[in-house]
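Reviewing the structure listed below.
Throughout, read-outs are computed from the coordinates displayed, never taken from laboratory work. The structure displayed is predicted, hence computed values, not measured ones. As a convention, Cβ positions derive from the backbone with ideal geometry for all residues, glycine included, and neighbour counts pool all protein chains shown.
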Amino acid sequence: MQTLSTRRKLLEVSGMGFGALVLDLMVRQQTASAAEVHLSHHVATAKSIIWCFMEGGPSHLDLLDPKPLLNKLAGKPLPSGFREPITAMGEKGAPLLAAPRIWKQHGDSGLWASEWIPHIATCMDDIAVVRSCWTNGINHAGGVCQMNTCINFAGRPSLGAWVNYGLGSANANLPSFVVICDSSGRPVNGARNWGSGFMPATWQGVHLAGGGDEPIPNLNSPKGSSPERQSARLDLLQKFNRSYAATRPQQSELDARLRSYELAFRMQAQAPVAVDLQAETAETQQLYGMDQKETQLFGRNCLLARRLVERGVRFVQLYSGTGSKWDSHSAIEASHSRLCKSMDKPVAGLIKDLKQRGLLDETLVIWGGEFGRTPMSEKGDGRDHNPTGFSIFMAGGGVKGGQAIGMTDDLGLYAVEDKMHVRDIHASILGLMGLDNMQLTYNHKGRPERPTINEGRFNRKLIGT
């Protein structure tokens, strides 16, 4: 029996006990209310997001934004009147590089797409192409950071964390925010891309292994361990963790760890079903390209994303070209051709599958990278980073398809009409989810913080108004 020799000791121990009780209550309330949706600021058109992130920067000039003048002037210097942008590694005075694509108009809308994305091209009537994006990030670290967190240096919550914080979970037995990469490596900046910044760590994303037979490692109980024994172990571990956390309330990672153990225990019932792709028909697997070597990996991830959102996961981010493989400073013809083939059929399959299941109306699909590529050449057969003008596209989630929003100049160098900064992109995504980027706040060190740092507007052309 412990002797409480001093009043200080008595208060210390009592405080720890009361803190543990409060923390236990918080965890239980979180579990009980996790399926409840927080109040939106306005009517949402989207309930969930699947963001296909092309890490490294795909060339808008070769995929979604045709520029006939570029081919006409290929080999010549940038004409007068065009200001050469600040790029990360650019060769000053480099000649223009042709984009020898075969362009066709598709669907009733007549939107343009190149031969590098023939499957996505069949979905153009469901797609809104934003051709006027721009960013402050001129290198991969800054560009990826800004596209995920709205600013080009570390420290702020990711967009997925803001959505998780603002809307909560729709399924208490699965993570609300999931990230899946297409290789065993991680993207530039690593976990900071899906981190929660200054918000509690419980809002950060959960990284799942992509492409393997076990997307959630160590989820299943060890052989020979009964549910009763596992529960007893978990209770003891949680008791230790709560006692430790009660005296360190400022460390949100402790609370996140407590909740992660609780979630992992609940996931053992639902997660194996959610990630069981063998439950899908052969026809569905073929739709995603899982029967072909080139498309199998990203196809699996896209299909897994669909299974997750239909079970209540709010935000799924899929990395294509993990490790900046879309970066094409040289040999762009070979590298982009290969990467486009790896993701084109899976992304199109995702859009078509969601549509035929009646899920596209409530699921926002986003495609794009951290920036585009320059019209000038680099190393003779590649393109440098272009943060001043590039394209992304959105489909579903209330977005009006079959339209191009904004434009770049005649060479695709600068966004010149209806420009959308990353802050505007984030504000628009939040708006589609029913969240006002200026009303969604988190108090940090005595000041209200907002996801788009007090800027950004919802481009309502996305929904046709």
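Given the pairs K67/K379; K293/K345; K293/K355; K104/K325; K104/K341; K72/K400, which span a C-alpha to C-alpha distance of over 23 angstrom in this model? K293/K355; K104/K325; K72/K400, as the Cα separations exceed 23 Å there.
Each of D108 and K400 was given a label point 7 Å from its Cα along the Cα-to-Cβ line. The distance between the two points is 1.4 nm. Calculated FRET efficiency, Q270 to L236, Cβ-Cβ distance, R0 = 30 Å: about 0.75 to the nearest 0.05. Within the same chain, lysines fewer than 8 places from K239 are excluded, and of the rest, those with a Cα less than 25 Å from its Cα are K9, K223.
Modelled spin-label separation between V43 and A331, with each label point placed 7 Å from Cα along the Cα-to-Cβ direction: 5.3 nm. For K445, no lysines have a Cα falling under 28 Å of its own Cα, not counting residues fewer than eight places away in the same chain. Report the GluC sites (Glu not before Pro) located in segment 396-465 that are in a DSSP loop and have at most 15 other Cβ atoms inside 10 Å of their Cβ, or state none. The qualifying sites are E455. First check a/c for segment 401-465, with a ≥ b ≥ c the square roots of the eigenvalues of its C-alpha gyration tensor; if it is under 1.5, answer rounded, and if not, answer prolate when a/b is larger than b/c or oblate otherwise. Since a/c reaches 1.5 but b/c is at least a/b, the shape of segment 401-465 is classed as oblate. The residues neighbouring R450, those whose beta-carbon lies less than 15 Å from its own, together hold a net charge of +1 under the Lys/Arg +1, Asp/Glu -1 convention. Extension gain for A74 to A154 (0.36 nm times residue separation, less C-alpha to C-alpha distance): 25.0 nm. With a point put 7 Å past each Cα toward its Cβ, work out how far R460 is from R311 in nm, to one decimal. For R460 paired with R311, the spin-label model returns 3.9 nm.
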